[in-house]
Protein chains: 4
Amino acid sequence: MAIRLGPNQYGKAGIHVVRVQRDTPRHEIRDLTVGTSLRGDFSRAHVDGDQGDVLPTDSQKNAVFSFAKEKGVDSPEEFGLALADHFLATSSRADGARIEIEEATWSRIDVDGQGHDHAFVQTGGGTRTAIVNVDGRGADRTAHVVSGVCDLVVLKSTGSEFHGFLKDTYTTLEETTDRVLATSLVARWRYNTTDLDWNGTFAAVKALLLKQFAQIHSYALQQTLYGMGESVLEEFRVIDEIRFSAPNKHHFLVDLSPFGVDNPGEVFHAADRPYGLIEATVLRDDATDPGSAWHAVPGFV
Amino acid sequence: MAIRLGPNQYGKAGIHVVRVQRDTPRHEIRDLTVGTSLRGDFSRAHVDGDQGDVLPTDSQKNAVFSFAKEKGVDSPEEFGLALADHFLATSSRADGARIEIEEATWSRIDVDGQGHDHAFVQTGGGTRTAIVNVDGRGADRTAHVVSGVCDLVVLKSTGSEFHGFLKDTYTTLEETTDRVLATSLVARWRYNTTDLDWNGTFAAVKALLLKQFAQIHSYALQQTLYGMGESVLEEFRVIDEIRFSAPNKHHFLVDLSPFGVDNPGEVFHAADRPYGLIEATVLRDDATDPGSAWHAVPGFV
Amino acid sequence: MAIRLGPNQYGKAGIHVVRVQRDTPRHEIRDLTVGTSLRGDFSRAHVDGDQGDVLPTDSQKNAVFSFAKEKGVDSPEEFGLALADHFLATSSRADGARIEIEEATWSRIDVDGQGHDHAFVQTGGGTRTAIVNVDGRGADRTAHVVSGVCDLVVLKSTGSEFHGFLKDTYTTLEETTDRVLATSLVARWRYNTTDLDWNGTFAAVKALLLKQFAQIHSYALQQTLYGMGESVLEEFRVIDEIRFSAPNKHHFLVDLSPFGVDNPGEVFHAADRPYGLIEATVLRDDATDPGSAWHAVPGFV
Amino acid sequence: MAIRLGPNQYGKAGIHVVRVQRDTPRHEIRDLTVGTSLRGDFSRAHVDGDQGDVLPTDSQKNAVFSFAKEKGVDSPEEFGLALADHFLATSSRADGARIEIEEATWSRIDVDGQGHDHAFVQTGGGTRTAIVNVDGRGADRTAHVVSGVCDLVVLKSTGSEFHGFLKDTYTTLEETTDRVLATSLVARWRYNTTDLDWNGTFAAVKALLLKQFAQIHSYALQQTLYGMGESVLEEFRVIDEIRFSAPNKHHFLVDLSPFGVDNPGEVFHAADRPYGLIEATVLRDDATDPGSAWHAVPGFV
């Protein structure tokens, strides 16, 4: 009846680093929240309380800040890859490192039609994410990058139907050929390479996702997501797989008839909970092995 | 030693109504979260448990939804005024009504350079707010409107100093002539009239606030706020007073010297708590009487 | 058309200090989140950008931490009074200081029926709050203390009715003689003295509020709140006024009849938004002047 | 270059049901927030937009409410098992169902030393969780239950050391033999049977976790977690595996020396971010196959 340590990882979460590029009077800023973690054989730490194999999470944090200066931040993905390799180099008992990054979006403040040199306003429209997993070192090294966007809140005021569904004893929902469709999208896509234009590809994938959400006539959130994913895979050969997590943010048509008021699809109650939750993966038949790409990604697989 | 009921109000909070204007294929949406409240002599309800004077908060909610269709939503301010008057008409024991509205910002999704007809993405850059207070009816009616913006997160990567401050036993802060200045601004301005272009004025005030934040060389957040407010009052005769609440979102320069790395204003730790909190009012010497304009506005006065 | 600075205040928010009393092996902990603010004539800072009158918020934070050692933390109220006096002594342009404190509740972990000496678990059941306002110094000094509790989530599964209310065009709510009543209570009471047993009185008032919530047969949340407040004023001569803010956390009886299932008050949908919001003050006829006691307290007065 | 649907699931999240047991005047309440999801071959819905296989999430929600009356709520685990079996029976294309439940804790309000019959106060001390996964039907049915607790905030004011750790270029952390150890624990344990006293076992496991946190002299959070897990497995034969996710809620000793004040482990700054994050699994060598037990559980494996 032996008891033992199973899978484990440790690191530092919520490292909020802002990097200002100020080589010229026209500054640039990158605003990252970084999480690091190492996995491997850390049984001495757990079972014996001996920390000789454990690089403190405080040192991990320090490295994140210092790398922001030493390496710069060209993209979250590259930044994450550099950090993961560093941690594997410095921590001999780790066999994998995971870096998770969220990037806040800042735009230049408009002053008389011009973007200001060093003043910025935070804008929404989704948060960029990157998850990097590296296993091993040297010849044995494999690296996986999953990029994505979260908190991308989108809505269609028409062009969405829902009918013909399965019914059981507890079904009271009415069928509809015109409803509001809204979600706060999380999309994550897995690259099959680390040799690409991270920033340009991110922007292009996000733009395509939005465009397809707008253009697909929806018969269910499932079908919309699938169509969005299919388009991304068709257009981007560097992506092998895309995963969606999409709350169905219900907009209920309000019954105004008790007040003698007609409501032909104009006034909705935007409800919080409960909400539908649709999760799906779209991938290539010949997708590469994901390895640890999805390690510790909250999800449904 | 008599005990009695003092000031009181009641209403419905968090009414999330989405109004779709669909008269043409090019839809418009307004996304409001509305709070209503009535104040007056409701002692029967409190002291005796007799609800004969109390219009249920459920009825208030119903009115909000129905008005979104009956009156439409041209602006949060006008919508709030209509609701306040309605509640005062329907509830004879109320002597004041307060409507608080937050409006989420949606932009058209870009499809090949064109904004889509009925697909939208939620964008940030601050939430529009409106607080309407109406007292009395008919000849005795007075109405106050405070418009504003919250969650307006702005940052300057230079052009901000902080020095020459008062020092006491507990002062360890170093003076600086170059720091990051960032805040998540709440600004609320009080109109001296209800006869104005609500949407146009809101947009213009917000743009001016951003521009001034960018352009004012800062010697403290206090001075930046004052300058922003002064500009608004100078430019908008319809505004008598503006109030700011601004957390000083500290960005601490990270000491990288232990790693032999120089950090000349490039890498910052964006801290959460504790944070400075600066609150200030800027107003005209000849400002009109605010009356109930600031009733129940969280603040510092 | 002169423009000027109006009311203003500044300070440090979110100072999270944990004080361990370890004079004996049986430790005690106090876990406070403190906000400080100073008000007065700070126009030089705002208008001229001259910080000579401004004690940095960083120094305020330092004082909070140091006072936790120098003065100890017997009660949030006493701790706040000491801080307020200190800030007024050190900052000559301030004419008032406000200290706001929330205290997290920790209980000893149970080990075989005994509370452990130095291991604790955080428990809920409401957060203790204290707001201290001091104006002036020396002979002119006046001090006000408002204590309270927030996040006190309570529910009655019966003993609550709601009927006989005012009806208008938009009223569809049905009357009921048996419903669930639930709220997340904020209660704040104003003392007429600073010479009292802060901890004992807090505990006794909170216990009485809970007891009265349980025992009052409710005809509306308004009447429950009034009854709770009246009891507190009757029992505690040191309290002149009590204010409540109470969301009506609606529990809707679920209609199970489409499934042939009866639901006599047994299954409820606990909704989030919208919610009723009931706010009321109960006070003595001969209450002392509140002065600045309620300064910057979010509320409805 | 074919593209296809991969793993997917869909359901309803955030169903907040409160069940009152009122057979006698002494009521009981169970307060559950339930999420449901179905997985299987739903490609028609995704690829073709045909919803014939899709039981609406609205019907799932209805079933949750109705089951609260039809079956009652003896324990979250049993309630989840009944729901999962129901969904698999009603939805022929699903091959698995997952039910996730959080239970809020209510205690009777104390009235003169007695717990009230029908008035309750919500208490903290951790939220009970249950995750049920059922695959297949009839002879092929397998069921997995993972119970747990989250938001269990615990702290030790001494009895915690951290030293002897690995050092690299970026290590500046000082070693310590006496620090505050605090975490907001998530623990989830996997049962190897569904035939047990769910409520009694939950209470006993939680009590043991707390006791061990208190009693283990800590050389790192890793070692504390391992010791807690080992004890659970030693005491409960029905549990095969336990997983922890534990943020290291740093309490930094405040340097008061600039103010001439000594601080021997008495005043701490409780920081929010960044924080360490320690995740570990403890399991039996002869643990049963987890199957889908951990399906879609946020984590690190």
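Of the residues A:D110, C:D135, B:D48, the one with the fewest other Cβ atoms within 10 Å heads the list, and the complete ranking is B:D48, A:D110, C:D135. Apply 1/(1 + (r/R0)^6) to the Cβ-Cβ distance of D:D195 and C:D285, taking R0 = 60 Å, and write down the FRET efficiency to the nearest 0.05. Step by step, r from the Cβ atoms, then E = 0.40.
Computed from phi, the 3J(HN,Hα) profile of region B:288-299 under the Karplus parametrisation 6.51, -1.76, 1.60 (θ = phi - 60°) reads 5, 4, x, x, 8, 3, 9, 3, 6, 7, x, x Hz, with x in place of Gly and Pro. Close amide H contacts of B:K249 (hydrogens built in the peptide plane, cut-off under 5 Å, sequence separation of 5 or more or a different chain): B:A182, B:T183, B:S184.
The 3J(HN,Hα) values that the Karplus relation (6.51, -1.76, 1.60; θ = phi - 60°) gives for region A:34-47 are, in residue order, 10, x, 10, 7, 10, 10, x, 9, 10, 6, 4, 5, 7, 7 Hz. Gly and Pro appear as x. When the helices of chain D are scored as -39500 (n - 2.57) per DSSP H run of n ≥ 4 and the total is divided over every residue, the value at 222 nm lands at -7000 deg cm²/dmol. Across the cross-link table entries A:K156/D:K61; B:K61/D:K12; D:K156/D:K211; A:K249/D:K71, which are compared at the Cα atoms, the separations over 19 Å belong to A:K156/D:K61; B:K61/D:K12; A:K249/D:K71.
Over all projection directions, the Cα-based convex hull of region C:150-301 averages an area of 11.2 nm².
Neighbouring Cβ atoms from other chains, within 10 Å of the Cβ of residues in B:223-231, number 4 on average.
To make sure I understand, if each residue's beta carbon is the centre and we count other beta carbons within 10 Å, what order do B:L5, D:L225 fall in, fewest to most?
Working: B:L5 21, D:L225 31.
In increasing order of surrounding Cβ atoms, one gets B:L5, D:L225.
Local charge for D:Q51 was computed over the other residues whose Cβ lies under 10 Å away, with Lys and Arg +1 and Asp and Glu -1, and equals -4. Close amide H pairs (under 5 Å, H built 1.01 Å from N) link A:I239 with A:N192, residues at least 5 positions away or on another chain. With R₀ set to 22 Å, the beta-carbon distance separating D:A207 from C:R26 gives a calculated FRET efficiency near 0.55. Per-residue shielding of D:37-45, expressed as the average number of other chain Cβ atoms within 10 Å of the residue Cβ, stands at 3. Once divided by 2.2 N^0.38 Å, the Cα radius of gyration of chain B becomes 1.19. Projecting label points 7 angstrom from Cα along Cα→Cβ for B:H217 and D:A271 puts them 3.5 nm apart.
With viscosity set to 0.692 mPa s and temperature to 37 °C, compute the Stokes-Einstein D of region A:6-140, Rh being the Kirkwood radius across alpha carbon pairs; µm²/s, no decimals. Estimated via Stokes-Einstein, D reaches 201 µm²/s. Neighbours of D:K211 by Cβ distance under 15 Å: Lys/Arg scored +1, Asp/Glu scored -1, total -3. Here region B:260-301 is treated as a Stokes sphere of Kirkwood radius computed over C-alpha pairs; at 4 °C and 1.567 mPa s its diffusion coefficient rounds to 85 µm²/s.
If R0 is taken as 22 Å, the Cβ-Cβ distance between C:D168 and A:S257 corresponds to a FRET efficiency of 0.85. Once the chain from B:A2 to B:E234 is taken as fully extended at 0.36 nm per residue, the excess over their C-alpha distance is 78.5 nm. Between region B:114-159 and region D:14-38, how many Å separate their Cα centres? Here the two parts' Cα centres lie 39 Å apart. Close amide H contacts of A:G159 (hydrogens built in the peptide plane, cut-off under 5 Å, sequence separation of 5 or more or a different chain): A:R179. Working note: Karplus 6.51/-1.76/1.60 with θ = phi - 60° gives region B:13-28 the couplings 10, x, 7, 9, 10, 10, 10, 9, 9, 10, 5, 10, x, 8, 6, 10 Hz, where Gly and Pro are set to x. Inter-chain neighbour count for B:209-217: the average number of beta-carbon atoms from partner chains within 10 Å of each residue's beta-carbon is 5. Placing pseudo-labels 7 Å out from each Cα toward the beta carbon at D:A89 and D:D140 gives an inter-label distance of 1.8 nm.
Taking a Cβ cut-off of under 10 Å around A:D272, the surrounding Lys, Arg, Asp and Glu residues balance to a net charge of +2, with basic ones at +1 and acidic ones at -1. The value for the protein assembly as shown of Rg(Cα) / (2.2 N^0.38 Å) is 0.92. When D:T177, B:T194, A:T129 are arranged by Cβ crowding within 10 Å, least crowded first, meaning fewest neighbours, the order is D:T177, B:T194, A:T129.
Read-outs throughout are calculated quantities, based only on the coordinates presented, and are distinct from any laboratory measurement. Only a predicted model underlies this, so the values are computations on that prediction, with no experimental measurement involved. Note: ideal-geometry Cβ built from the backbone for every residue, glycine included; neighbour counts use all protein chains shown.
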